[in-house]
Amino acid sequence: MITPVLLCGGSGTRLWPLSRKSYPKQFAPLLGETTLFQATAQRLAGDGFAPPLVLTNAEFRFIVTQQLSEAGIDPGPVLIEPQGRNTAPAILAAALHLAQTDPDALMLVAPSDHLLPDEAAFRAAIAIGTETAQAGRIVTFGIHPGRPETGYGYLECSRAPGDGAAQPLKGFVEKPDAARATEMLTAGTFLWNAGIFLASVRGILEAFDRHAPDLRGPVHRAVEQAVPDLGFLRLAPSPWAETRDVSIDYAVMEHAENLSVVPLDAGWSDLGDWEAVWRETSRGAARVATFGPTTVLDCENTLLHADDPEQEVVGLGLRNIIVVAMSDAVLVADRNRAQAVKDVVTALKAGQAPQAERFPKTHRPWGWRRRLLGGAGFQVNQVMLNPGKVVGLQSHTRRAEHWVVVSGEVRVTMEGETRLLHANQSLYVPQGARHRLENPGPVAMEMIEVQTGDYLGADDVIRYEQPYAPWPPT
């Protein structure tokens with residue numbers, strides 16, 4: 001059995017405004033109904049695969065479990081990183097956790113935000129890599145380059161990788177300039193580095209001991225002192241803070257002597273920016289890509305992405321343009337500047353614009369809340385409470401709330417009295433009143449929440465029981 005190790009803590013700023021720190025691209029339905037994270041988990045499920053081990057941060061933990069459940073994937077361990085420390089500490093933590101039960105198990109490490117549409121070709125490459133990994137090698141997977149790409153790292157092969165077989169890896173090449181990228185494309189012995197690798201747990205730990213021994217102590221303590229929390233495993237923050245911020249390539253892979261590479265021809269793309277999304281999705285002679293409610297007239301080499309169903313995005317006479325319209329932010333950019341979108345995020349953060357990192361919709365373990373409207377002393381939210389979920393007993397010292405249920409049902413306990421609200425029914429929650437919500441029905445409950453008061457911050461809350469606990473408390 002191979003244990004997939006899914007890395008999903010990144011922010012993907014080059015796909016702003018769809019991807020943001022609070023809800024990055026791996027969790028967004030970028031190319032359809034299924035998210036990239038869900039597609040990755042489904043690709044690494046079934047015969048030969050154990051439940052996935054996921055590494056993420058505290059903000060994404062409930063998104064991870066919800067999306068796995070929606071995709072029909074039984075989640076394995078979910079390790080919560082106290083702070084981002086790049087891929088090397090995260091992968092070492094996964095290996096140490098797996099070593100507690102089976103140090104000889106195989107682990108397949110994969111980013112959760114890549115596109116790999118040819119699942120049969122992917123499985124065939126994994127089968128080749130498995131035999132090599134069982135022989136004690138660390139296997140990395142490379143993509144045949146289709147253009148002189150300067151945004152990817154490369155893998156140098158010992159010979160032309162034309163037959164699909166595993167071969168010793170000669171070396172890693174950093175992101176090249178255009179001239180060097182053209183030379184490597186012509187040479188035919190270089191592959192793009194997909195950031196996917198396969199090895200035994202024991203082999204990974206030996207590689208860290210040999211090439212990055214300074215990481216072993218603090219990461220081991222972080223795993224050893226980890227604390228279970230609502231089905232997650234929180235790595236200990238103090239030892240974790242002592243680890244280097246370093247990628248697995250820099251820490252281990254560029255120094256290891258037992259590396260092999262397997263070509264992976266499965267239609268791979270890292271979807272790292274809007275240019276990559278356009279390249280994968282544009283159709284027709286005009287090469288236009290559209291998503292959501294859009295209308296296109298006389299456009300070429302253009303991408304239009306609309307997120308808000310209440311808003312129609314119209315492109316007229318556009319050439320080489322990217323337009324991404326969200327409910328709170330719109331990006332209009334030259335396609336040739338797609339990689340510079342991260343500079344937009346930097347500028348927005350410098351100006352303290354909330355759109356730089358956060359969405360109007362906030363995901364919670366019980367569902368989500370989306371801000372619809374706000375002004376001096378009031379805020380209007382749309383609230384969705386999933387079936388069977390509970391918002392724990394709480395009160396607010398500086399605001400009152402008025403709820404109107406629009407669909408489903410909700411059981412509300414306020415100051416010791418319980419009542420069941422259905423669609424078109426409402427309830428006023430005075431300032432300071434203790435209240436609790438539960439969805440007892442089989443479908444999601446949606447309501448409109450009007451908050452009024454002199455302070456409407458999310459931190460104005462007093463909790464009287466463990467948040468999101470079952471009812472009644474045990």
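The values are calculated or read from the model by the stated rules, or taken from the named source; none is laboratory data. A quick note: this is a predicted structure, and the numbers were derived from the prediction, not measured. All Cβ positions, glycine included, derive from the backbone under ideal geometry; neighbour counts span all protein chains shown. With ligands, DNA and RNA removed, areas are computed over all heavy atoms of the protein, side chains included. Shrake-Rupley method; radii C 1.70, N 1.55, O 1.52, S 1.80 Å.
Things worth noting here:
- Among the residues making up region 435-447, a single one is exposed (fewer than 13 other Cβ atoms within 10 Å of the Cβ) and either over 14 Å from Val390 (Cα atoms) or of a type in the set (A, V, I, L, M) (or both): Val443.
- Residue pairs meeting the criteria (Cβ under 8 Å; at least 6 apart or on separate chains; first closer than 21 Å to Arg279 by Cβ, in region 302-315; second open to solvent by 70 Å² or more (accessible area, probe 1.4 Å) and outside any strand (DSSP E or B)): Thr302/Arg287; Ala306/Glu312; Asp307/Ser327
- Some residue of region 40-54 being β-branched (Val, Ile, Thr) and closer than 22 Å to Asp229 by Cα: yes
- Residues satisfying the stated conditions in region 358-385, i.e. of a type in the set (A, V, I, L, M, F, W, C), in a strand (DSSP E or B) and either open to solvent by 60 Å² or more (accessible area, probe 1.4 Å) or within 19 Å of Arg419 (Cβ to Cβ) (or both): Leu372, Leu373, Phe378, Val383, Leu385
- Near pairs, Cβ below 9 angstrom, 6+ apart or cross-chain, from region 316-329 (of a type in the set (Ser, Thr, Tyr)) to any residue that is open to solvent by 20 Å² or more (accessible area, probe 1.4 Å) and modelled with pLDDT under 95: Ser327/Asp307; Ser327/Asp308; Ser327/Glu310; Ser327/Gln311; Ser327/Phe359; Ser327/Pro360; Ser327/Lys361; Ser327/Arg370
- Candidate set from region 56-77 (those that are within 10 Å of the chain's Cα centre (by Cα) and aliphatic (A, V, I, L, M)); member that is surrounded by the fewest Cβ atoms within 10 Å (Cβ to Cβ): Ile63
- Among the numbered conditions (1) under 21 Å from Gly292 (Cα atoms); (2) assigned to a strand (DSSP E or B); (3) open to solvent by less than 40 Å² (accessible area, probe 1.4 Å), the only one that Ala338 does not meet is (2).
- In region 305-335, residue farthest from Lys361 (Cα to Cα) [restricted to those that are assigned to a strand (DSSP E or B), open to solvent by 40 Å² or more (accessible area, probe 1.4 Å) and touching an Asp or Glu at 6+ places or on another chain (Cβ under 9 Å)]: Arg319
- Options Asp454, Asp460; residue that is out of contact with any Pro (no Cβ under 7 Å at 6 or more places or on another chain) and either open to solvent by 40 Å² or more (accessible area, probe 1.4 Å) or polar (S, T, N, Q) (or both): Asp454
- Taken together, the residues in region 210-241 that are at pLDDT 95 or above, over 16 Å from Gln100 (Cα atoms) and in contact with a helix residue (DSSP H, G or I) (Cβ under 6 Å, 6 or more places away or on another chain) amount to 7.
- Flag for Gly12 being touching an Asp or Glu at 6+ places or on another chain (Cβ under 8 Å), at pLDDT below 95 and surrounded by 17 or more Cβ atoms within 10 Å (Cβ to Cβ): yes
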